[in-house]
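Below is one structure, written out as structure tokens; comments come after it.
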Amino acid sequence: MREYDHKKIEKKWQTDWEKKRIYQAKDFSKKPKYYSLIEFPYPSGDGLHVGHPRPYIGMDVISRKRRLEGYNVLYPIGWDAFGLPTENYAIKTGKDPRIVTKKNSDTFRRQIKSLGISFDWSREVYTTDPKYYKWTQWIFLQFLKKGLAYKAKIAINWCPKDKIGLANEEVVGGNCERCGTSVEKREKEQWMLGITKYADRLDKDLDTVDYLPQIKLSQRNWIGRSEGAEIDFEIKGSDKKIKVFTTRPDTIFGATYLVLSPEHAFMSFLDDRSLNSKEIKEYVASARKKTEIERTNDEKVKTGVELKGIKAINPANKEKIPIWIADYVLPHYGTGAIMAVPAHDERDFAFAKKYGLEIKNVIEPIFIAKFEEGLPFVERNAISAIIKHWSEDKYLALKWKTVPWVTFVTGGIEKGQTPEAAARHEIREETGFLNLKLTKTLPNTHSKFYHGQKKENRFAHFTNFYFELENGEQVEIDELEGKAKHDVIWLKPDEIEKLLTPEGQIRDWKLLQKDIVYMSDGILANSGKFSGQDSQKAKKEIIKFVGGKEKITFKLRDWGGEPIPVIFCNKCGIVPVPEKDLPVELPKVKNYQPTDSGESPLANIAKWVNTKCPKCKGPAKRETDTMPNWAGSSWYYLRYTDPKNSKAFADKKNLKYWTPVDWYNGGHEHTTLHLLYSRFWHKFLFDLGLVSTSEPYKKRTSHGLILAEGGEKMSKSRGNVINPDDIVKRYGADTLRLYEMFMGPFDQAIAWSEEAIIGPRRFLERVWSMQYKVQKNKKYTEFEIEKTVKKTTEDIEEMKFNTAISALMIFVNEAGKSEFISQEVYEKFLLILSPFAPHIAEEIWRNLGHKKSIHLSDWPKWDENLIRDEEVTIALQINGKVRAEIMIKADSDEEEIKKRALANEAVLRYLAGESAKKVIYVKNRLINIVV
RNA sequence: GCUGGAGUGGCGGAAUUGGUAUACGCGCUAGUUUUAGGAACUAGUGCCGCAAGGCUUGAGGGUUCGAGUCCCUCCUCCAGCACCA
């Protein structure tokens, strides 16, 4: 019996596989293709830590399984090397980023190879390679041609220490993510890509792909589609109009003022027309000075200034309403102006409260409780009354006798009766109390419910009152009307919310304690001819009524990116670099020091910057800003299909064969920006007829981070990095792979444990020693392997690698008990183990006499008939508690089992003479005896 | 604040979706054995209790013959978004 020598085995097979190129994808094949993809790594100087390979191993398991299932698999890798860290590193060391990148990727490659990941190394791409970024630039020129790339002056976050622009994500709490310096706001010309033009498609087409639900959700949130309307508000005494965007046109009768963002174009028209133009100008100027962060982070205290002497006209009710400017209205969303409905919007409410603006209720809440399906609704006008005790902080409620309700006093309004009179009448009848002071009338509410006593569905319209009792004087209550139906109880404030049944009354109570802004749909009120209608249903009619237009708006904004391949000419303006001159290569720069102005270090290299205009041949300058790193990573998966092509970014035939990516796994942190941007690029290329599918990725999943043992992020600066090299040396790549897949759910973050890794190693030891128990032509533990094959096959597809491995372990534990194992069964086992532990599986496979690699074999099938157990254990429960177990033949007769159960000794003991009320049988699972 | 996810032994985590809670692994306890290593093997291991037995899935209520799973209220943690009208 040989020892399990992982070092020898792993080295040997890695060399062999590489020599025979068994993982190289073939362009075009009779086999069906399968394209599995991981996010390509950023090769930092720190080398790999154990967190990096988790997704690679996960997709490796999928890819290896697909090969065994007969697919022609493309599983490529490359290096994403542009971007801030490289630049920062270069700045620090003064070294050429390309040399640094090369060195780093060499380390990464060696480390990844030592794990036995089945990447096709012949298709490696580098985003820093001119042969690659030539095509990034080329795609950019296509954007330019179609008008989807444009230059705009936008505010950027500027770190004065690093002298570098930061993306919003790189600003944490107003400080630079890297160095902690407080970030400034700077205006800078930036290249923008018009992703917003694709917003609708990016949203809709999510229906056509198989992404994890959370991923779709966060993409949808990021795109932020919302349906609403644009409505013009006329300015009194002027032909000017202000256009607002709203998702709640149904609340327009409650719009009591307008708010414009300080950047709004109306401001320039205004000039000195308003009575307080100086104040306004000051406010606009101060808002401009604030950074985006200040504007949104100032604990959301709202400030604003009224445009005095100017009024707008609410098109719904023709009322004159004031106009304000305030920086809580964002310039770049909707029209940069809103109609404020303080009664039904929290932000408007806070603002209105602060500045004493009118608050007009136009939506009355509707509460829908349980009702009988199919029964018509009987409409009733009703009252509800909160009544305070005359001397204590207690409130009157009725505890109903026939139904399990606790309510405030309620009752119908008779014809000709005022609501207040109805309330007083009802209170007297039901409680006998006489001396009430009407303290407050609360807003109306509506409620749909089933009236258990009257046996009908009710649609009640409530007028709500708050009374205070002046004293305890009472009259005798009529037996029938009062006491027979309910008892009067007094509730303390903290009991009310817990005990009260009707939601509407709970709301009344809460409203009495504090302001509540009702923002949901309901019944319209104070809304002219629309009063009484369902707010949701009336939306469209109201838009028509006020002359508005339905409109869909997106949160998504165009994003800045800085391309290289353009030239600025004084005569011709922005001129694209001719395609034949691509790529525009970066010059070798000796000094990578950044400049104070925010210009690229390239700007100092006159020789490179000064060039000729391709159009007029006059003197011109090159764009000196460099591409953001997401540009290169937006299309890299296309390059893998044809990585060496010098005529196009990839040949159409290759693209047609390999795309779309069948399964793309990546980090949670990329589910919005990267994923959205690459979808956008892909759709653009699709529109140009350059790729053959409208979506790049058929399926997308995420993996969780691996954290350090304390649960902290792993990083060199924290000094808690676990290097896979050490693990591979001591336990072997197979153990590491197995452990990473076994440690917990794949999509969840999880802390590394140096202790727990021994488990998978022991498992492999047992797998190893099993080979010495193999018997040919004998069958053992047959149905166990069938079960294991089924479970493993299914779990891998759902990325439930942890339970798949658990099934493998259970098999080995079981099979290990018998003296022998049949070769057939053992081989099946090795095949389903092979995606997780490819080296040991290969070694044993060959030891068993195979000449060809296990990884070129076939994935085993299982026989459903063998899995079905002949006998099953079922539980005997009494009142839901397990008291005994019995063995029965699978699918045996129900009555017979029940008889056996009732005759069971343990059952009889627990029954203790009592007879069974009911016996429930769940097929092949349990019997529950109710006593 | 909003949205999404989660809370199960000493620890990482299972649970065919309403049907025997704690699979698998780590750790721990006892034993066996050895080429003395960061070992291997065998048995045991949710909690309380000597036991019979009782109790257990963040807390509290509810529905059900039966709830980790469904409903309501609340608490805690993680992630993303953050005035998007």
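The values are calculated or read from the model by the stated rules, or taken from the named source; none is laboratory data. These numbers were taken from a predicted model, which means no experiment stands behind them. Cβ atoms come from the backbone with ideal geometry, glycine included; neighbour counts cover every protein chain shown. These accessible areas exclude ligands, DNA and RNA; they are computed on the full protein's heavy atoms, side chains included. Shrake-Rupley method; radii C 1.70, N 1.55, O 1.52, S 1.80 Å.
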*Which one of these does A:V488 not meet: (1) modelled with pLDDT of 80 or more; (2) more than 16 Å from RNA strand B (Cβ to nearest atom); (3) not in a strand (DSSP E or B)?*
(3)
*Which condition number in (1) open to solvent by less than 40 Å² (accessible area, probe 1.4 Å); (2) modelled with pLDDT of 95 or more is the one that A:A90 fails?*
(2)
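Yes/no matrix, rows are residues, columns are (1) open to solvent by less than 20 Å² (accessible area, probe 1.4 Å); (2) more than 12 Å from RNA strand B (Cβ to nearest atom); (3) at pLDDT 90 or above; (4) part of a strand (DSSP E or B):
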site	(1), (2), (3), (4)
A:R295	no, no, no, no
A:E299	no, no, no, no
A:L307	yes, yes, yes, yes
A:K311	no, yes, yes, yes
A:N317	no, yes, yes, no
A:I323	yes, yes, yes, yes
A:V329	yes, no, yes, no
A:T335	no, no, yes, no
A:M339	yes, no, yes, yes
*Go through (1) over 24 Å from A:I805 (Cβ atoms); (2) over 36 Å from the mean Cα position of the chain (by Cα); (3) not charged (D, E, K, R) and name the single condition A:W17 misses.*
(1)
*A:K773: under 22 Å from A:H839 (Cα atoms) and touching a strand residue (DSSP E or B) at 6+ places or on another chain (Cβ under 6 Å), yes or no?*
yes
*asked:* Suppose the filter is touching a helix residue (DSSP H, G or I) at 6+ places or on another chain (Cβ under 6 Å), more than 16 Å from RNA strand B (Cβ to nearest atom) and at pLDDT 85 or above; does A:G411 pass it?
replied: yes
*asked:* Please go through the range A:113-142 and give me each residue that is modelled with pLDDT under 95, touching a helix residue (DSSP H, G or I) at 6+ places or on another chain (Cβ under 7 Å) and surrounded by fewer than 19 Cβ atoms within 10 Å (Cβ to Cβ), ordered by number.
replied: A:W138, A:L141
*With a cut-off of at least 2 residues that are more than 11 Å from RNA strand B (Cβ to nearest atom) and among the acidic types (D, E), name the helices (runs of 4 or more DSSP H) lying wholly within the range A:737-819.*
A:782-797
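Conditions tested, residue by residue: (1) open to solvent by less than 50 Å² (accessible area, probe 1.4 Å); (2) over 22 Å from A:K8 (Cβ atoms).
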residue	(1), (2)
A:K800	no, yes
A:A807	yes, yes
A:I810	no, yes
A:A815	yes, yes
A:E827	yes, yes
A:F836	yes, no
A:H839	yes, no
A:E842	yes, no
A:L848	yes, no
_Among (1) modelled with pLDDT under 90; (2) within 16 Å of RNA strand B (Cβ to nearest atom); (3) not basic (K, R) - the single one A:W862 does not satisfy_ = (1)
*State which residue pairs qualify: first residue without any contact (Cβ under 8 Å) to a residue 60 or more places away in the chain and inside the range A:907-931, second residue surrounded by 12 or more Cβ atoms within 10 Å (Cβ to Cβ) and aromatic (F, W, Y) in any location, beta carbons under 6 Å apart, and separation of 6 or more residues or different chains.*
A:I927/A:Y921
*Does the range A:831-847 contain at least one residue that is within 15 Å of RNA strand B (Cβ to nearest atom), modelled with pLDDT under 95 and in a helix (DSSP H, G or I)?*
no
*What tally of residues in the range A:196-218 results from selecting those that are within 16 Å of RNA strand B (Cβ to nearest atom), out of contact with any Leu (no Cβ under 6 Å at 6 or more places or on another chain) and either open to solvent by less than 30 Å² (accessible area, probe 1.4 Å) or part of a strand (DSSP E or B) (or both)?*
5
_Quick test of your reading of the structure: A:Y657 fulfils all but one of (1) in contact with a Leu (Cβ under 9 Å, 6 or more places away or on another chain); (2) in a helix (DSSP H, G or I). Name the failing condition by number._
(1)
*Within the range A:598-619, considering residues that are at pLDDT below 75 and touching a helix residue (DSSP H, G or I) at 6+ places or on another chain (Cβ under 8 Å), the one surrounded by the most Cβ atoms within 10 Å (Cβ to Cβ)*: A:L602
*Taking only the range A:865-889 into account, find how many residues are more than 12 Å from RNA strand B (Cβ to nearest atom), touching a residue at least 12 places away in the same chain (Cβ under 8 Å) and surrounded by fewer than 12 Cβ atoms within 10 Å (Cβ to Cβ).*
1
*Across the range A:283-293, what is the number of residues that are assigned to a helix (DSSP H, G or I) and either closer than 24 Å to A:G548 by Cα or within 14 Å of RNA strand B (Cβ to nearest atom) (or both)?*
5
*Quick one: A:E420 ticks every box in (1) touching a residue at least 60 places away in the same chain (Cβ under 8 Å); (2) open to solvent by 50 Å² or more (accessible area, probe 1.4 Å) bar one, so which box is it?*
(1)
*From the set of residues in the range A:348-384 that are farther than 16 Å from A:S520 by Cβ and within 12 Å of RNA strand B (Cβ to nearest atom), which is least open to solvent (accessible area, probe 1.4 Å)?*
A:F351
_Taking the conditions exactly as written (in a helix (DSSP H, G or I), crowded, with 20+ Cβ neighbours inside 10 Å and at pLDDT 95 or above), does A:F684 satisfy them or not?_
yes
*asked:* Every residue in the range A:787-822 that is touching an Asp or Glu at 6+ places or on another chain (Cβ under 7 Å) and polar (S, T, N, Q), please.
replied: A:T803
*If only one of A:E187, A:E177, A:E170 is in contact with a helix residue (DSSP H, G or I) (Cβ under 6 Å, 6 or more places away or on another chain), modelled with pLDDT under 90 and over 30 Å from A:A340 (Cα atoms), which one is it?*
A:E177
